[in-house]
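Visitor: One structure follows; several queries about it will come next.
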Amino acid sequence: MFNFCLRSTRTVFTLLSVGLFTAALGAASTPSTNLNPTPSNSIAKGSSPNLPEESLPLRHLQVSFQQLGANQPLELRGTQDSVRVRVDVRLDEVVESAQLHLDFAMSPALLTNLSHLKILFNDELLQTVTLDKNKLGSPQSVDLKINPALFTDYNQIRFDLIGHYTLECESPQHSSLWASISNQSYLRLTLRPLPLANDLGLLPAPFFDTRDNRLLKLPFVFSSQPSLGVLRAAGSVAGWMGMLAAYRGASFPVIKNQLPTQHAVVLASNFQRPDFLKDLPKVQKPTLAIMAHPSLPGIKLLLVLGQDDAQVQLAADTLALGNAALSGEQMQVGALQYPGRRAAYDAPLWINTERVVQLGELVKNPGDLQLRGIKLNEPINISTRMAPDLFTWNASGVPLNLVYRHTPPQSAIDGALNVRINDQFVRSFPINAKSNDSGIKNTILLPLFDDSSIQAKSGLRIPAFLIGGDNQLQFSFNIPGVDSGRCSSVQAVEMFAAIDPQSTIDLTGFPHYVAMPNLAAFANSGFPFTKYADLAETSIVLSDPANPAEIELYLTILGRMAASTSIPATRFKLLLTSNVQNAADTDILLIGKPGSGATNLWNQNLPALIEAGKRSVRPLGKTLESFMGMFNLDIEYQVPTPQGRSLLEGSGALAAVAGMESPLTPGRSVIVFQASDNNSLKLIGNVLNDPGKLRNIRGDLSFVRDQTVESFRVNPVFYSGHLPWWQLLWFRVHTHPILVAAFGLGGGLLLAFLAYVALRTAARQRLQPHHQS
């Protein structure tokens, strides 16, 4: 009831706020403080936000536990166990009705008169599922309604298993005590939009809502032919939104000169505006504003406006670099103090390689490093995102100085702390009754997962757990509970375990050196562009003119890279193909038609060219099939130098991501995105937001079809980064045994010759006085 009151109060307060805001808006008379046109304008006629809540259209949503984050079925063990599923409700929606469909199975050994399954919502009991002896061990289902009054912004469904298999002596952790809840169970919700005030203080809501764990789809609206400056400003906003979306992913459909049908961002200067903003008063300064959709109740438009392109850029960068001071319906930007250019490899989400890093720095709050409960089922997960070009060849591992605490086991059976990386087992440490919670220290080397099957011909090896976009260092505590082995009642004791925040991981000994092109590093971390998190040494090249599909992919890529670094890009260059020469001494992202205009000189270096109805492909090298194949970065000695091309014609949908060395600046990288048509180009954006397909992008050429991604190594590699001269020399020659032997023989002969000369000189000097006498 209390939650219902909170939710209802929020609804009433919002409606009152909107009503007062509308009244104030109608009373406003000066254009400088009122972005909405006069009531005679078409926008004002439909922009009144104080509509009754009942008039807003309902949204019906069915979401499975898997979509809510349960990647595996929910397992309950023992005489008493709990699992939870989180369900969040957007700020701009309220639940009208809710129904839970639950698919589950329970052990056939359970006693039906003592065992049951409790279903709770926000700690309120919804139903107790009693057991039917005839259905135990078989799939079952139950449907139950949830009172909408129980919903708040953040909610959880909890399942408690109370299980018993005998009336006498029973082990609390007996193998027959189990229940399994399918992750295909689902919630069916009816949601009503909740009118919000036109208030910049609510940002990023409703355009992005942290309560919504779905892929962010946020349209960007432009005039019929946006200028390059406006597109550049859109990149800053897309990076900000992509950073906020993080693991959810983000896509940004492009709309030209039309009203959107959902929350959207509109970027316009005084001279280039969509038709529905033609009557809006012209702005004199960079301006941020929120307005209601002219015809769709509950929909909001975020306006990024300026007199010219430079002012639109300033407004967009203000939004991207921090909106803590924003409030009200509109704000004008007087000045913006830009932060200094960022140093290489200083992305906040990447582990620092200049110093030893404490594990406490890698989590949002210290509670993420602690566990408590009667059973410690969940592991402690620590994100370990690292620069993809760390040179780990011939290294034994990454030093991890681990300090952990735990309550000692209450039985003679030893427990264990298991350390894993991305579910790959690393090491186990014993936990016994002699241990105490004052802190146990262990220093280990996290393995680099070296294996001959993943070693490139050059000898360059990249650690498997360093290349991924979001790696997990996992610590699982297995502390046995009380089991006296006798028929006696023993109270279960709550256990605690923690990884000390001052535990450290050390990457300071690894230089930066990597074979390029490396599409895996780009797909997972945005490298080499994100070497500088603000993209200070990146140029993005679009076709002239750029079509909506190319602009959408450009915005999606910027959002993806910001999610990898937690920094929205504000320093990249945006160019058209006719000005590609201005991209010298930068890494280049080219989206569209690489065979057009000034980029014709690149055609001979690209492994594949794709145009409408035809494609030109060099002889393909080894297909990189396995997951570990993504680290096979140098196969120049395994694949013959490509000769000639195959010209193919057809109408099938095909997109490609290709990498090569920049023809403008040696040592710089170029990644080209091309497709047979605009719809096929969107396939690349879909892959960038699909972790399952993303891992298949590697090598220097990836073909993207509707459901598959296939990667190849076609061209020889080049190297990026720096090594000490002695390490570089040994790295270069160690894969050539004959050359190593020749160096050894030559060195031996040289030493022998020098020794011979030295001895002859000494002998001559010794005998010289006798000759003089």
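The values are calculated or read from the model by the stated rules, or taken from the named source; none is laboratory data. The shown structure was predicted, so the numbers you read here are calculated from the model rather than taken from an experiment. With ideal geometry, Cβ positions are generated from the backbone for all residues, glycine too; neighbour counts draw on all protein chains shown. Protein only, heavy atoms only, side chains kept; ligands, DNA and RNA dropped before computing areas. Shrake-Rupley method; radii C 1.70, N 1.55, O 1.52, S 1.80 Å.
Visitor: Could you grab me the full set of residues in region 131-151 that are free of Cβ contacts under 8 Å to residues at least 24 places away in the same chain and acidic (Asp, Glu)?
Guide: ASP132 - this is the single residue of region 131-151 that is free of Cβ contacts under 8 Å to residues at least 24 places away in the same chain and acidic (Asp, Glu).
For (1) of a type in the set (D, E, K, R); (2) touching a strand residue (DSSP E or B) at 6+ places or on another chain (Cβ under 9 Å); (3) closer than 24 Å to ARG84 by Cα, each residue gets a yes or a no:
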site	(1), (2), (3)
TRP178	no, yes, yes
ILE181	no, yes, yes
GLN184	no, yes, yes
LEU189	no, yes, yes
PRO193	no, yes, no
ALA197	no, yes, no
LEU202	no, yes, no
ASP209	yes, yes, yes
ARG214	yes, yes, yes
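Visitor: Moving on. Could you name every one of the helices (runs of 4 or more DSSP H) located completely within region 659-769 that has at least 2 residues being surrounded by 15 or more Cβ atoms within 10 Å (Cβ to Cβ) and among the polar types (S, T, N, Q)?
Guide: 678-688
Visitor: Given the structure, is PRO193 closer than 20 Å to GLU552 by Cα, open to solvent by 10 Å² or more (accessible area, probe 1.4 Å) and either without any contact (Cβ under 8 Å) to a residue 60 or more places away in the chain or touching a helix residue (DSSP H, G or I) at 6+ places or on another chain (Cβ under 9 Å) (or both)?
Guide: Judged against the criteria, PRO193 is not a match.
Visitor: Between GLN173, GLN156, GLN127, which is free of Cβ contacts under 8 Å to residues at least 24 places away in the same chain and open to solvent by 50 Å² or more (accessible area, probe 1.4 Å)?
Guide: The match here is GLN127.
Visitor: Considering each of SER396, SER411 in turn, give the residue that is in contact with a Leu (Cβ under 6 Å, 6 or more places away or on another chain) and either at pLDDT below 75 or acidic (Asp, Glu) (or both).
Guide: SER396
Visitor: Please verify whether region 245-254 includes one or more residues that are open to solvent by less than 20 Å² (accessible area, probe 1.4 Å), touching a Gly at 6+ places or on another chain (Cβ under 9 Å) and at positive phi.
Guide: Yes, region 245-254 contains at least one residue that is open to solvent by less than 20 Å² (accessible area, probe 1.4 Å), touching a Gly at 6+ places or on another chain (Cβ under 9 Å) and at positive phi.
Visitor: Still on this model: Just to be sure, is LEU150 more than 19 Å from TYR186 (Cα to Cα) and open to solvent by less than 30 Å² (accessible area, probe 1.4 Å)?
Guide: Considered against the rule, which asks whether it is more than 19 Å from TYR186 (Cα to Cα) and open to solvent by less than 30 Å² (accessible area, probe 1.4 Å), LEU150 comes out as no.
Visitor: Condition first: open to solvent by less than 20 Å² (accessible area, probe 1.4 Å) and under 30 Å from ILE299 (Cβ atoms). Can you find one or more residues in region 130-146 that meet it?
Guide: So far as region 130-146 goes, yes, one or more of its residues are open to solvent by less than 20 Å² (accessible area, probe 1.4 Å) and under 30 Å from ILE299 (Cβ atoms).
Visitor: Something else about it: Which condition number in (1) modelled with pLDDT of 90 or more; (2) on the phi < 0 side of the Ramachandran plot is the one that ALA70 fails?
Guide: (1)
Visitor: Also, I was wondering about something else. Find the residue count for region 335-351, including only residues that are open to solvent by 60 Å² or more (accessible area, probe 1.4 Å) and either in contact with a helix residue (DSSP H, G or I) (Cβ under 8 Å, 6 or more places away or on another chain) or hydroxyl-bearing (Ser, Thr, Tyr) (or both).
Guide: 4
Visitor: Having 1 or more residues that are within 22 Å of HIS60 (Cβ to Cβ) is the bar; report the strands (runs of 3 or more DSSP E) wholly within region 157-266 that clear it.
Guide: By residue number, 186-193.
Visitor: Of the conditions (1) assigned to a loop (DSSP other than H, G, I, E, B); (2) farther than 21 Å from GLN225 by Cα; (3) open to solvent by 40 Å² or more (accessible area, probe 1.4 Å), GLN581 clears all except one; give me its number.
Guide: (1)
Visitor: Just give me the residues in region 379-393 being modelled with pLDDT of 85 or more, open to solvent by 10 Å² or more (accessible area, probe 1.4 Å) and in a loop (DSSP other than H, G, I, E, B), in sequence order.
Guide: PRO379, ARG385
Visitor: Can I ask one more? Of all residues in region 288-325, count the ones that are surrounded by fewer than 20 Cβ atoms within 10 Å (Cβ to Cβ), in contact with a Gly (Cβ under 6 Å, 6 or more places away or on another chain) and of a type in the set (A, V, I, L, M, F, W, C).
Guide: Residues flagged as surrounded by fewer than 20 Cβ atoms within 10 Å (Cβ to Cβ), in contact with a Gly (Cβ under 6 Å, 6 or more places away or on another chain) and of a type in the set (A, V, I, L, M, F, W, C) within region 288-325 amount to 0.
Visitor: So which residues in region 100-124 are open to solvent by 50 Å² or more (accessible area, probe 1.4 Å) and among the acidic types (Asp, Glu), if there are any at all?
Guide: ASP123, GLU124
Visitor: Out of the residues in region 78-99 that are open to solvent by less than 30 Å² (accessible area, probe 1.4 Å) and not in a loop (DSSP other than H, G, I, E, B), state the one that is nearest to ARG211 (Cα to Cα).
Guide: Checked region 78-99; the qualifying residue nearest to ARG211 (Cα to Cα) is VAL87.
Visitor: If I filter region 354-371 down to residues being within 17 Å of SER566 (Cα to Cα) and either part of a strand (DSSP E or B) or touching a Pro at 6+ places or on another chain (Cβ under 9 Å) (or both), which single residue comes out as most open to solvent (accessible area, probe 1.4 Å)?
Guide: Across region 354-371, the extreme among qualifying residues is GLU361.
Visitor: If GLU378 satisfies every condition in (1) closer than 14 Å to PHE477 by Cβ; (2) touching a residue at least 12 places away in the same chain (Cβ under 8 Å) but one, which is the exception?
Guide: GLU378 satisfies all of (1) closer than 14 Å to PHE477 by Cβ; (2) touching a residue at least 12 places away in the same chain (Cβ under 8 Å) except (2).
Condition check ((1) modelled with pLDDT of 90 or more; (2) part of a loop (DSSP other than H, G, I, E, B); (3) touching a Leu at 6+ places or on another chain (Cβ under 8 Å)) across all residues:
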residue: LEU466; (1), (2), (3): no, no, yes
residue: ASP470; (1), (2), (3): no, yes, no
residue: VAL482; (1), (2), (3): no, yes, no
residue: PHE522; (1), (2), (3): yes, no, no
residue: VAL541; (1), (2), (3): yes, no, yes
residue: ILE551; (1), (2), (3): yes, no, yes
residue: THR556; (1), (2), (3): yes, no, yes
residue: ARG560; (1), (2), (3): yes, no, yes
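Visitor: ARG420 - would you say it is among the basic types (Lys, Arg), surrounded by 17 or more Cβ atoms within 10 Å (Cβ to Cβ), under 29 Å from TYR345 (Cβ atoms) and at pLDDT 70 or above?
Guide: Yes, satisfied.
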